[in-house]
Amino acid sequence: MGRPSWLRSALEAAVVAAAGGALGRAAGRRIDPDLGTALGLVAAANGAVSGWRGIYAWRRPSGVAAFVLDATWGAPAVAGSLVSHVVAAVRPGSGYEASLSQRQNRHVYRGGARLKPGFALTLGNVVSGAGDVDTPRRRRLVTEHEDVHVWQARWLGPFYVLTYAVWYPLGSLAGYVVWRRRGRQGPAARTVETCSYYLNPLEWWAYSRDGRWPAPGMVSELAYRRAAARPLAEVRAGRSRSPLT
């Protein structure tokens, strides 16, 4: 007889928490012992939650890479993801979406933390505010936009957090200046949001991967002329075509 599902989840949570904690502690101690302790705690907490829910695709290289990066280089963003879990736990109707999470190297909540109605929020490996993912558009938002942010946080590590922390205030100031120089055309908030949010290179990349550049809602005249990358839908379609077609 196989182990009960709860026991398998508990075993995976314990192993991933222990391994993640050890990796985070070792990585942080290369810089400072106190940093090692902090990263170890973050990585262990992430490992416990992620192991229990079985998000890492262990049979694929991407799953192993996701785990290692979440425990080490990407730990600063993962610290934010722990906050997302807490918000989801206390906010009614957060709705954890296992179909977009299990063995897919991320956590997805239909509700939970969010900064603006209708917009999803990705912190580390957690996507919150995904909305009605039973609809194709919201599901694609997770798989082709927010998942890009999940991997950006892993590859860029602390620079991912720093990019948003620096770009938003400077972009807001630039947006206000641009609005005035353009003769105050349209609402100031729309121009400010375009410069502080949509023109952020990380958002440009994610919207391009989602096939939505220029992004709906931005001042299109200010958009970068070209998409940052090919839409993921086109990339996947190209891979699926037979060489004979």
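Which of the following residues is assigned to a loop (DSSP other than H, G, I, E, B) and among the basic types (Lys, Arg): Arg226, Arg190?
Unique residue meeting the criteria: Arg226.
With respect to the conditions (1) surrounded by fewer than 19 Cβ atoms within 10 Å (Cβ to Cβ); (2) charged (D, E, K, R); (3) in contact (Cβ under 8 Å) with a residue 40 or more places away in the chain, Arg209 falls short on a single one, namely (1). Is it the case that some residue within region 78-94 is buried (at least 16 other Cβ atoms within 10 Å of the Cβ), assigned to a helix (DSSP H, G or I), in contact (Cβ under 8 Å) with a residue 60 or more places away in the chain and touching a Leu at 6+ places or on another chain (Cβ under 6 Å)? Checked region 78-94: at least one residue is buried (at least 16 other Cβ atoms within 10 Å of the Cβ), assigned to a helix (DSSP H, G or I), in contact (Cβ under 8 Å) with a residue 60 or more places away in the chain and touching a Leu at 6+ places or on another chain (Cβ under 6 Å). There is at least one residue in region 59-66 that is open to solvent by less than 60 Å² (accessible area, probe 1.4 Å), touching a helix residue (DSSP H, G or I) at 6+ places or on another chain (Cβ under 7 Å) and either closer than 27 Å to Glu97 by Cα or assigned to a helix (DSSP H, G or I) (or both). Scoring Arg53 on the criteria (1) open to solvent by less than 60 Å² (accessible area, probe 1.4 Å); (2) more than 15 Å from the chain's Cα centre (by Cα); (3) closer than 27 Å to Asp132 by Cα; (4) in contact (Cβ under 8 Å) with a residue 40 or more places away in the chain leaves a single failure, condition (1).
Let me confirm something: among Tyr207, Tyr176, Tyr160, Tyr197, which residue is farther than 28 Å from Ser81 by Cβ, in a helix (DSSP H, G or I), out of contact with any strand residue (DSSP E or B) (no Cβ under 8 Å at 6 or more places or on another chain) and of a type in the set (Phe, Trp, Tyr)? Break it down stepwise before answering.
Values: Tyr207 fails: farther than 28 Å from Ser81 by Cβ; Tyr160 fails: farther than 28 Å from Ser81 by Cβ; Tyr197 fails: farther than 28 Å from Ser81 by Cβ.
Checking each option against the conditions leaves just Tyr176.
Within region 1-50, if we keep just the residues that are open to solvent by 10 Å² or more (accessible area, probe 1.4 Å) and among the hydroxyl-bearing types (Ser, Thr, Tyr), the residue that is nearest to Arg106 (Cα to Cα) turns out to be Ser9. Restricting region 118-132 to residues that are of a type outside the set (Gly, Ala, Ser) and open to solvent by 20 Å² or more (accessible area, probe 1.4 Å) leaves a set whose member that is nearest to Ala79 (Cα to Cα) is Leu123. Among the residues of region 100-117, is any surrounded by fewer than 19 Cβ atoms within 10 Å (Cβ to Cβ), among the polar types (S, T, N, Q) and farther than 27 Å from Gly217 by Cβ? Yes - at least one qualifying residue is present in region 100-117. Can you find even one residue in region 3-18 that is assigned to a loop (DSSP other than H, G, I, E, B) and farther than 25 Å from Trp155 by Cβ? Scanning region 3-18, I find at least one residue that is assigned to a loop (DSSP other than H, G, I, E, B) and farther than 25 Å from Trp155 by Cβ, so the answer is yes.
So which residues in region 151-177 are open to solvent by less than 40 Å² (accessible area, probe 1.4 Å) and farther than 11 Å from Ser196 by Cβ? Even if it seems obvious, please write down each step before you answer.
If we filter region 151-177 for residues that are open to solvent by less than 40 Å² (accessible area, probe 1.4 Å), which is where we start, we get 152-154, 157, 160, 171-172, 175.
Answer for region 151-177, where residues must be open to solvent by less than 40 Å² (accessible area, probe 1.4 Å) and farther than 11 Å from Ser196 by Cβ: Gln152, Ala153, Arg154, Gly157, Tyr160.
Restricting the search to region 178-201, which residues are surrounded by 13 or more Cβ atoms within 10 Å (Cβ to Cβ) and among the hydrophobic types (A, V, I, L, M, F, W, C)? Listed by number, the residues that qualify are Val178, Trp179, Ala188, Val192, Cys195, Leu199. Here is the figure for region 140-176: residues that are in contact with a Leu (Cβ under 7 Å, 6 or more places away or on another chain) and within 13 Å of Arg110 (Cα to Cα) total 1.
The values are calculated or read from the model by the stated rules, or taken from the named source; none is laboratory data. Computed from a predicted structure; not experimentally measured. Note: ideal-geometry Cβ built from the backbone for every residue, glycine included; neighbour counts use all protein chains shown. These area figures cover heavy atoms from the full protein model, side chains too; ligands, DNA and RNA do not enter into them. Shrake-Rupley method; radii C 1.70, N 1.55, O 1.52, S 1.80 Å.
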